[in-house]
Amino acid sequence: MRMPRRGLVIQARTRWLLVGLALLFSLVLLMYLLECAPQTDNNGSLPGVVGESMGKEYYQALLQEQEEHYQNRATSLKRQIAQLKQELQEMSDKLKSLQEKKTPKVNGMSYQGTKEQTSNDLLEFLHSQIDKAEVSVGAKLPSEYGVIPFESFTSMKVFQLEMGLTRHPEEKPVRKDKRDELVEVIEAGLEVINNPDEEDGQDEDDGVGDRQLYSENDFIEGYYRTERDKGTQYELFYKKMDGMEYRHVTLFRPFGPLMKVKSETVDISRSIINIIVPLAGRTEAFAQFMQNFRDVCIHQDKRVHLTVVYFGQDGLSEVKSILESVARETDFHNYTLVSLNEEFNRGRGLDMGARAWEKGEVLMFFCDVDVYFTAEFLNSCRLNAEPGKKVFYPVVFSLYNPAIVYANQDIPPPVEQQLVHKKDSGFWRDFGFGMTCQYRTDFLTVGGFDLEVKGWGGEDVHLYRKYLHGDLMVIRTPVPGLFHLWHEKHCADELTPEQYRMCIQSKAMNEASHSHLGMLVFRDEIEAHLRKQAYRTNSEAVG
């Protein structure tokens, strides 16, 4: 019986010990709370007065501390997210690189392998479309009718050859899809320039701050054309306002996403153009030509040489006088006058002008005395001709007879005011190949002009076909800065039947638009109608 009683005593003592420890812990906790309580003013401020103010400051400070803590936390999380994105992109690039190097299995291929193979096949097909298209090298064509011309555009307008009865030679893109397409292309070109790849020739170590960034305002002009079975090619040019260095981007849309073909920097600051003009008589037209040459070439461009090849003796002294007068007034002496005492032959004149240059390689612009060009066109000439690779055949906008176009005015306006791209003012001379920019070595390599062609027409088409049959790329596009001024045309009896037909065709095309020619054809009918209307009006007034 002693053993149970002793156990009860020990159990009771243990219980009292635990109660004592609990009381001691409560006492210590109470003392701690009293010690840590905030000190109050001796005045014992009532709730709602000073104590309330101190409470607000306390909680505001606490809230501010919490806000700073969360802001710091958010900044840290953003930084970690950015690092994770960068690591994810690097891993994705490595995976893509491994997939490109990996040779897919043919038999026993998994579903994932099938998807990878499909993607690779699609990419290979798109690149094959670029290889097939006339993007990097020219294609041999049977005739001038096989060329797919470019259409040119700026950020605001499109200059187009195919007009029909509703479209205009110069117009703003009306369709939303066309506007969106050109905007997308310009932005894609900017993306290529501002974020270059290794193959673009710029060092990756160069930071964004060290590179000159381009914007939509730096877009100068572009060309595009579509090969129906391959895709659309885009040639884009960008330039800073205060620089002479152009950025040239070639894009190709193989009926799918845009794919970059190349991106390069084109420096044309030292590119001299030898403008070659064959001439016989027509001294008044030459004086007008020299006025445009003075304004554009001497005062603005300042990187040209003029070669005039004159046929015959009649008017030669006057041409010399005009050249010498311009030289005295502008201190311009970069010109050559070649005199040939023979019958006019345009092909021979241009050939002699090309061979008269003795300073090595040079870019040539074959021009006529009736052509008006701008400084922007000269830069287009430099950008679209490349020795051994490209020749430039711009499509000229030919102006109609101003006496018909401006028949409702007492006198036609000055030439500068006639230079507009409208249906009733002119047309794109897509059947003419006389105005061209090409390098001297390319011209001599293909054999130059066919000097057996006599008189008017034909020599330019022969040269054009030589390039089409070769490996050089022919850039054919309408350009806004090149005009052919109207002048009366005489078709000589000495011409061959083919030449005479071409001359008459050109004469008819140059005279007036379809609507203006219709008004001339039906002029008697219109006048008769007006007389009847006047008679009827007078009769009603008398009655």
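The values are calculated or read from the model by the stated rules, or taken from the named source; none is laboratory data. From a predicted model like this one, the values you see are computed outputs, not experimental measurements. Every residue, glycine as well, gets a Cβ built from its backbone with ideal geometry; the counts of neighbours run over all protein chains shown. Note: areas computed on protein heavy atoms with side chains; ligands, DNA, RNA excluded. Shrake-Rupley method; radii C 1.70, N 1.55, O 1.52, S 1.80 Å.
Against the test of being touching a residue at least 12 places away in the same chain (Cβ under 8 Å) and surrounded by fewer than 17 Cβ atoms within 10 Å (Cβ to Cβ), the options Leu444, Leu419, Leu399 yield a single qualifying residue, Leu444. Among the residues of region 129-149, are any crowded, with 16+ Cβ neighbours inside 10 Å, farther than 23 Å from Tyr393 by Cβ, at pLDDT below 85 and polar (S, T, N, Q)? So far as region 129-149 goes, yes, one or more of its residues are crowded, with 16+ Cβ neighbours inside 10 Å, farther than 23 Å from Tyr393 by Cβ, at pLDDT below 85 and polar (S, T, N, Q).
Select, from Glu191, Glu216, Glu187, the only residue that is open to solvent by 70 Å² or more (accessible area, probe 1.4 Å), at pLDDT 85 or above and touching a Leu at 6+ places or on another chain (Cβ under 8 Å). Spell out how you get there, then give the answer.
Working: Glu191 fails: touching a Leu at 6+ places or on another chain (Cβ under 8 Å); Glu187 fails: touching a Leu at 6+ places or on another chain (Cβ under 8 Å).
So the residue among Glu191, Glu216, Glu187 that is open to solvent by 70 Å² or more (accessible area, probe 1.4 Å), at pLDDT 85 or above and touching a Leu at 6+ places or on another chain (Cβ under 8 Å) is Glu216.
Go through region 380-397 and count every residue that is under 15 Å from Val266 (Cβ atoms), of a type outside the set (D, E, K, R) and outside any strand (DSSP E or B).
Within region 380-397, the first condition is being under 15 Å from Val266 (Cβ atoms), and the residues that meet it are 380-387, 389-390, 392.
Next, only the ones that are of a type outside the set (D, E, K, R) stay: 380-381, 383-385, 387, 392.
Of the ones still in play, those that are also outside any strand (DSSP E or B) are 380-381, 383-385, 387.
Residues meeting the conditions: 6.
Can you name the residue in region 507-523 that is among the polar types (S, T, N, Q) and part of a helix (DSSP H, G or I) and is also least open to solvent (accessible area, probe 1.4 Å) among such residues? Among those residues, the one meeting the criterion is Asn510.
The set of residues from region 219-232 being at pLDDT 85 or above and of a type in the set (Lys, Arg) comprises just one member, Arg225.
Give me the residue from region 194-206 that is assigned to a helix (DSSP H, G or I) and at pLDDT below 90 and, out of that set, nearest to Phe159 (Cα to Cα). The extreme case among them is Asp200.
The selection criterion, being touching a residue at least 60 places away in the same chain (Cβ under 8 Å) and buried (at least 23 other Cβ atoms within 10 Å of the Cβ), holds for Gly426. Selection over region 369-399 of residues that are in contact with a helix residue (DSSP H, G or I) (Cβ under 8 Å, 6 or more places away or on another chain), farther than 17 Å from Ile220 by Cβ and not aromatic (Phe, Trp, Tyr) gives a count of 8. Being more than 23 Å from Ile475 (Cβ to Cβ), in contact with a strand residue (DSSP E or B) (Cβ under 6 Å, 6 or more places away or on another chain), in a helix (DSSP H, G or I) and among the hydrophobic types (A, V, I, L, M, F, W, C) is a property that holds for Val319. Somewhere in region 115-122, is a residue within 23 Å of Val396 (Cα to Cα) and modelled with pLDDT under 75? Taking every residue of region 115-122 in turn, none turns out to be within 23 Å of Val396 (Cα to Cα) and modelled with pLDDT under 75.
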